[in-house]
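Bear in mind these aren't lab numbers, they're just calculated from the coordinates by the rules spelled out. All figures in this text were calculated on a predicted structure; none of them were measured in a lab. Cβ: placed from backbone, ideal geometry, glycine included. Neighbour counts: every protein chain shown.
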Amino acid sequence: MRLSSQGLLVACLVSGASAVANAQTTGAYCDLAGRWEDQAGAVYDLSQEEKNGTVSVKGTLRGSARSGHPDLRGTLEGNLVSPNKFKGKFRNWEKPAGKAEVESLGDVTFTVSHDGKLDGKLVGELRWSGTHRPIEWPLKFTRAAGEWPAEWPKLPDAYVKITDVSNGCGRGEASEEDRYADTAVWHVETVRYEVDFRPACLIHDAGYSGAKTDDIIKGGIVDFLPHTQKQVDTRFEEDLKDACRADVRRTARQHGSPEEDEQAAINKCYSISANTRHTVVRALGEKFAWKKRPDLRGRWLGTATGDWFIDQTDRVIKGNWMNVASGLGGEFRGTLISYDTDSAVQGTARITQCGKRTEADISLRYDPKDPDRLHVSGGVKDTLARPQ
């Protein structure tokens, strides 16, 4: 008769099966389909079906010698009434060999935790030879989820193309098109001087975005995430003046201009073009263009996935979440990637719901205009908000 109670446990597991798959991506029902075992070795094979909004569960129980009921067979049928809670009926349908006909009837309820622990009970009665006896059996089942790999997948690189975060010397979104202020032209005596400021402006835009990108002036890769606005603006001023010196000297030498004309042209470039551009960004950059660096550390509240706790070290983001009500939990690791107008954490989530494990891509989108919200997509979908 103890096995009967175990059978009920199994059926419970079945009820949650299909729900899990949905829950892992949408926060819906547990998916409890498959094989479950208890400590006595009883085996439950469960199936689950969702139709017209109802998640139904059916299952069969096969007893074990260690349980003392090797021939016990039973069925469980019912529904998931919440993401991880089952209600249904259990019935013993096969007469044990060589024994009087015994029937077990009862109501089964159970919940399943995110790590696959089923906790519930069967309340009913035993019937045999005209005798009825009340029963109440605790249900304690687990589903082996296995172990996660010791190593996490390699974190994505934060690198982006500079034209994806920059537009040159002008306002607007990132673009490869030339801008009206990319160049400046003036004359000293009869010589026409033209200076190309576009590389300096591209680097400056990337710096304001906090991007990791190509340093098209100094070479190599530059990561602007730890740079302050003042540092980026100072680099901008230096790049503008370098452009003045390089382009003016090249033109002066092509025309054989005297040294004093060359220096006059450089000074005019400084005062009219380089200093003007630098003054504008220092005065207006913070208000109109500077993108505040994301600080994602701390607790966030999900509408469907419960509480999230996020840690951040530079671009490396780690976190975990848990929703007891749906049996859904997990952890993730990712890279903070800086784009033109927003940022995103791209990485991998390890999701556990009702004992079923899934590894999936995950993205957390951060908009500096709405810094108290994160939009989660991929293997988990939700909108997170900072506690008020």
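Under 1.5 on a/c is rounded, so check that first for segment 242-325, then, if it is not, pick prolate when a/b is larger than b/c and oblate when it is not; a ≥ b ≥ c are the square roots of the alpha carbon gyration tensor eigenvalues. Intermediate values should be presented prior to the final figure.
Numbers: a/c = 6.98, a/b = 3.89, b/c = 1.80.
Prolate, because a/c is 1.5 or more and a/b exceeds b/c.
What order do you get for 316-322, 253-259 when each peptide is scored by the mean count of other beta carbon atoms within 10 Å, highest first?
Working: 316-322: 19.4, 253-259: 11.3.
Packing order, densest peptide first, comes out as 316-322, 253-259.
What does the C-alpha gyration tensor say about the overall shape of segment 162-288? Classify as rounded when a/c is under 1.5, otherwise prolate if a/b is larger than b/c, or oblate.
Prolate, because a/c is 1.5 or more and a/b exceeds b/c.
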Is segment 174-224 rounded, prolate or oblate when judged by the Cα gyration tensor, a ≥ b ≥ c being the square roots of its eigenvalues, rounded requiring a/c under 1.5 and prolate requiring a/b larger than b/c? prolate
Karplus (6.51, -1.76, 1.60) ³J(HN,Hα), θ = phi - 60°, over segment 376-387, in Hz, Gly and Pro reported as x: 9, 9, x, x, 10, 10, 5, 10, 9, 9, 6, x
Expected sort for 325-332, 267-274 on mean C-beta neighbours within 10 Å, highest first, is 325-332, 267-274
Taking every other residue with Cβ under 10 Å from the Cβ of Glu77 and scoring Lys and Arg +1, Asp and Glu -1, one gets +3
What residues have an amide H closer than 5 Å to that of Thr183, excluding those fewer than 5 places away on the same chain, when H is modeled at 1.01 Å from N in the peptide plane? Phe197
So which lysines pass the test for Lys58, namely a Cα distance under 27 Å, with those fewer than 8 places away in the same chain ruled out? Lys85, Lys87, Lys89, Lys95, Lys99, Lys117, Lys121, Lys140, Lys356
